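Structure record follows, encoded as structure tokens.
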Amino acid sequence: EPEVTQTPSHQVTQMGQEVILRCVPISNHLYFYWYRQILGQKVEFLVSFYNNEISEKSEIFDDQFSVERPDGSNFTLKIRSTKLEDSAMYFCASIAGGHYEQYFGPGTRLTVT
Amino acid sequence: AQTVTQSQPEMSVQEAETVTLSCTYDTSESNYYLFWYKQPPSRQMILVIRQEAYKQQNATENRFSVNFQKAAKSFSLKISDSQLGDTAMYFCAFMKQSGGSNYKLTFGKGTLLTVNP
């Protein structure tokens, strides 16, 4: 069964460094999402992406964040200058056209020290 | 904006018994979808069950069923014959149907369910 994959599973970085989190959505899916979950808290929407542009972004998704689908398969989330409060689990999700079920990847745990 | 409320931070149940997790939501939308996601210790988000708001019939998936009360904006999850593998955090989530190109999910804070042997 097709699945969403994410790499790396765990990334440790120092404050102020740039990180890129990678996702490979299911191949025929058209809508892509990033969510964040700070440890012990609820899952929060960051950004949605469709037709090579951002559809909606939350207040969390400030100028430090960017997304890209560079090659038709990967979907990346970049944090330009990480802060301690960016430490969280980041989930990628995707939806097929004409459907509404979101399929989640296994997540990337980001630790900022 | 939509809000999702899960009023039970933690619950426990004995193996083989039945448990119900509560969820209420607030929206001005008339067309939407509701979901329950399971998050085991691995932290993977697994879809348990979904409900379309326009359907009056409550969704069921094997041991999992929902009680959807649209007027009351309530969407509870019933787990029958609880198994040890059901131990997880359960999140209730809302999605507007009229999202266009954006079908974002709004989650509740979750209920930690522990199934005891």
*Looking at (1) at positive phi; (2) touching a Ser or Thr at 6+ places or on another chain (Cβ under 9 Å), which is the only condition A:Ser27 fails?*
(1)
*So, of the residues in the stretch B:87-117 that are open to solvent by less than 10 Å² (accessible area, probe 1.4 Å) and either free of Cβ contacts under 8 Å to residues at least 60 places away in the same chain or touching a Pro at 6+ places or on another chain (Cβ under 7 Å) (or both), which turns out to be farthest from the other protein chains (Cβ to nearest Cβ)?*
B:Ala88
*asked:* Regarding the stretch A:88-98, can at least one residue be identified that is more than 12 Å from every other protein chain (Cβ to nearest Cβ) and either over 19 Å from A:Pro25 (Cα atoms) or out of contact with any strand residue (DSSP E or B) (no Cβ under 7 Å at 6 or more places or on another chain) (or both)?
replied: no
*Taking A:Cys23 as meeting all but one of (1) within 14 Å of chain B (Cβ to nearest Cβ); (2) modelled with pLDDT of 95 or more; (3) surrounded by fewer than 18 Cβ atoms within 10 Å (Cβ to Cβ), write down the number of the exception.*
(3)
_Matching residues in the stretch B:1-45 - criterion: being modelled with pLDDT of 95 or more and touching a Gly at 6+ places or on another chain (Cβ under 7 Å)_ = B:Val4, B:Thr5, B:Gln6, B:Cys23
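Among B:Ala16, B:Ala71, which is the only one that is over 14 Å from the mean Cα position of the chain (by Cα), at positive phi and of a type in the set (Gly, Ala, Ser)? Step through it out loud before you land on a result.
Details: B:Ala71 fails: at positive phi.
Sole residue among the options that is over 14 Å from the mean Cα position of the chain (by Cα), at positive phi and of a type in the set (Gly, Ala, Ser): B:Ala16.
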*Go through the residues of the stretch A:43-58 one by one and say whether even a single one is within 13 Å of another protein chain (Cβ to nearest Cβ), surrounded by 13 or more Cβ atoms within 10 Å (Cβ to Cβ), in contact with a Gly (Cβ under 7 Å, 6 or more places away or on another chain) and under 20 Å from A:Pro106 (Cα atoms).*
no
_Yes/no for A:Glu68 being surrounded by fewer than 20 Cβ atoms within 10 Å (Cβ to Cβ) and in contact (Cβ under 8 Å) with a residue 12 or more places away in the chain_ = no
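Given the structure, is B:Glu15 open to solvent by less than 80 Å² (accessible area, probe 1.4 Å) and out of contact with any Cys (no Cβ under 9 Å at 6 or more places or on another chain)?
Values: open to solvent by less than 80 Å² (accessible area, probe 1.4 Å): no; out of contact with any Cys (no Cβ under 9 Å at 6 or more places or on another chain): yes.
Taking the combined requirement at face value, the residue does not satisfy it.
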*Pick from the stretch B:18-34 the residues that are surrounded by 17 or more Cβ atoms within 10 Å (Cβ to Cβ) and in a strand (DSSP E or B): which of them is farthest from the other protein chains (Cβ to nearest Cβ)?*
B:Val19
*Taking the options A:Thr111, A:Thr82, name whichever one is in contact (Cβ under 8 Å) with a residue 24 or more places away in the chain and part of a loop (DSSP other than H, G, I, E, B).*
A:Thr82
*Quick check: anything in the stretch B:35-55 on the phi > 0 side of the Ramachandran plot, free of Cβ contacts under 8 Å to residues at least 60 places away in the same chain, surrounded by 12 or more Cβ atoms within 10 Å (Cβ to Cβ) and not in a strand (DSSP E or B)?*
yes
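Would you mind finding the one in A:Lys83, A:Lys78 that is exposed (fewer than 13 other Cβ atoms within 10 Å of the Cβ), more than 28 Å from B:Tyr33 (Cβ to Cβ), away from chain B (no Cβ under 11 Å) and of a type in the set (Lys, Arg)?
Details: A:Lys78 fails: exposed (fewer than 13 other Cβ atoms within 10 Å of the Cβ).
Exactly one of A:Lys83, A:Lys78 is exposed (fewer than 13 other Cβ atoms within 10 Å of the Cβ), more than 28 Å from B:Tyr33 (Cβ to Cβ), away from chain B (no Cβ under 11 Å) and of a type in the set (Lys, Arg), namely A:Lys83.
The values are calculated or read from the model by the stated rules, or taken from the named source; none is laboratory data. Quick caveat: nothing in here was measured; it's all calculated off a predicted structure. Backbone-built Cβ (ideal geometry, glycine too); neighbour counts: all protein chains shown. Protein only, heavy atoms only, side chains kept; ligands, DNA and RNA dropped before computing areas. Shrake-Rupley method; radii C 1.70, N 1.55, O 1.52, S 1.80 Å.
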